[in-house]
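First up is the structure itself, then whatever we jot down about it.
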Ligand SMILES: C[S@@+](CC[C@H](N)C(=O)[O-])C[C@H]1O[C@@H](n2cnc3c(N)ncnc32)[C@H](O)[C@@H]1O
């Protein structure tokens, strides 16, 4: 190896090691938080890291007083707690025991009043009957689902006719990016593939907006610098369940 090659290799060592650490972090953080890392992450790190996502999602969702909102992969329930006062009822589902416990703490008074519900479960198998909600949201999570088509089909099923899905599905990607996976298991989708996937689930009136989270989290920006994995423009997908089947 040339001297230049050796220097480059030495410099890439720490970068690769950092990537490996982040891959493990992503599994226990953006995957299903568990163990000591998950405990720290769910209580202290994630709510701060995702503050920008909640800020961007709130005006995108525009809840109405008669809405019944389901958040899929609700984490520790920060967004639900922020939005619960704007809707008739909120529900959240998450696969992590740690997150479910925290979300139940956060929404305890509303759960006691019967206007909130937090369920442990899999996004690919929602435990509610058809036509249960007027709005479904998902944020900071969709890219970690192993079977995203199944999750979209379930979201579609539990939404009422004319119900709306407001989904943060990754970030803006440079033109020409093809759908791939990073850090082991996280999806990076092209916009065309997102459109195809959402429309194939039966949704109509699909639109995509990008909302900047730049400057909102120094931690996210640092992770992005090392991995190149996170953009600053959150991709938000709006779609509707038709009023008539097959419409
Ligand atoms: C990065 S966290 C985001 C949580 C929350 N949406 C927020 O923004 O605070 C990702 C969440 O997805 C959940 N999750 C991952 N796979 C899941 C699945 N198959 N079903 C339900 N939840 C899942 C994890 O447990 C975790 O709480």
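Checking the condition touching a residue at least 60 places away in the same chain (Cβ under 8 Å) and in contact with a helix residue (DSSP H, G or I) (Cβ under 9 Å, 6 or more places away or on another chain), which residue from 144, 116, 201, 123 passes? Full working, then the answer.
On the way: 116 fails: touching a residue at least 60 places away in the same chain (Cβ under 8 Å); 201 fails: touching a residue at least 60 places away in the same chain (Cβ under 8 Å); 123 fails: touching a residue at least 60 places away in the same chain (Cβ under 8 Å).
The match here is 144.
For segment 73-90, indicate whether the set of residues that are closer than 22 Å to residue 184 by Cβ, within 11 Å of the ligand (Cβ to nearest atom) and modelled with pLDDT of 95 or more is non-empty.
Keep residues of segment 73-90 that are closer than 22 Å to residue 184 by Cβ, which gives 73, 75.
Right, trim to within 11 Å of the ligand (Cβ to nearest atom) and you get 73, 75.
So of that shortlist, the ones also modelled with pLDDT of 95 or more come out as 73, 75.
Yes, some residue in segment 73-90 is closer than 22 Å to residue 184 by Cβ, within 11 Å of the ligand (Cβ to nearest atom) and modelled with pLDDT of 95 or more.
How many residues are part of a strand (DSSP E or B) and either closer than 13 Å to residue 73 by Cβ or more than 14 Å from the ligand (Cβ to nearest atom) (or both) when one looks only at segment 176-194?
First, pick out the residues of segment 176-194 that are part of a strand (DSSP E or B): 180-182, 186-188.
Next, from what is left, pick out any that are either closer than 13 Å to residue 73 by Cβ or more than 14 Å from the ligand (Cβ to nearest atom) (or both): 180-182, 188.
Result for segment 176-194: 4.
Looking only at segment 113-132, which residues are closer than 26 Å to residue 46 by Cα and not in a loop (DSSP other than H, G, I, E, B)?
Step one: filter segment 113-132 for residues closer than 26 Å to residue 46 by Cα, giving 115-127.
Correct list: 116, 117, 118, 119, 120.
Can you name every residue in segment 54-88 that is without any contact (Cβ under 8 Å) to a residue 12 or more places away in the chain and out of contact with any strand residue (DSSP E or B) (no Cβ under 9 Å at 6 or more places or on another chain)?
85
Only one of 150, 120 is within 11 Å of the ligand (Cβ to nearest atom) and under 21 Å from residue 239 (Cβ atoms); which? Don't jump to the end; show me each part of the working.
On the way: 120 fails: under 21 Å from residue 239 (Cβ atoms).
Of 150, 120, the one residue that is within 11 Å of the ligand (Cβ to nearest atom) and under 21 Å from residue 239 (Cβ atoms) is 150.
Criterion first (out of contact with any helix residue (DSSP H, G or I) (no Cβ under 9 Å at 6 or more places or on another chain), modelled with pLDDT of 95 or more and surrounded by 13 or more Cβ atoms within 10 Å (Cβ to Cβ)) does residue 221 satisfy it? Show your work before the answer.
Working: out of contact with any helix residue (DSSP H, G or I) (no Cβ under 9 Å at 6 or more places or on another chain): yes; modelled with pLDDT of 95 or more: no; surrounded by 13 or more Cβ atoms within 10 Å (Cβ to Cβ): yes.
No; evaluated as a whole, the condition is false for this residue.
Taking the options 151, 173, 166, name whichever one is under 21 Å from residue 58 (Cα atoms) and either part of a loop (DSSP other than H, G, I, E, B) or modelled with pLDDT of 95 or more (or both).
Numbers: 151 fails: under 21 Å from residue 58 (Cα atoms); 173 fails: under 21 Å from residue 58 (Cα atoms).
Every option except 166 fails the conditions.
Just for segment 107-141: of the residues that are at pLDDT 95 or above and closer than 15 Å to residue 170 by Cα, which one is nearest to the chain's Cα centre (by Cα)?
The initial filter retains those residues of segment 107-141 that are at pLDDT 95 or above, namely 107-139.
With the extra rule that they be closer than 15 Å to residue 170 by Cα, the set shrinks to 137-139.
Working: 137: 8, 138: 5, 139: 3 Å.
Out of the qualifying residues, it is 139.
The values are calculated or read from the model by the stated rules, or taken from the named source; none is laboratory data. Note that this is a predicted model, so its numbers are computed, not measured. Counting neighbours? That spans all protein chains shown, and the Cβs are built from the backbone with ideal geometry, glycine included.
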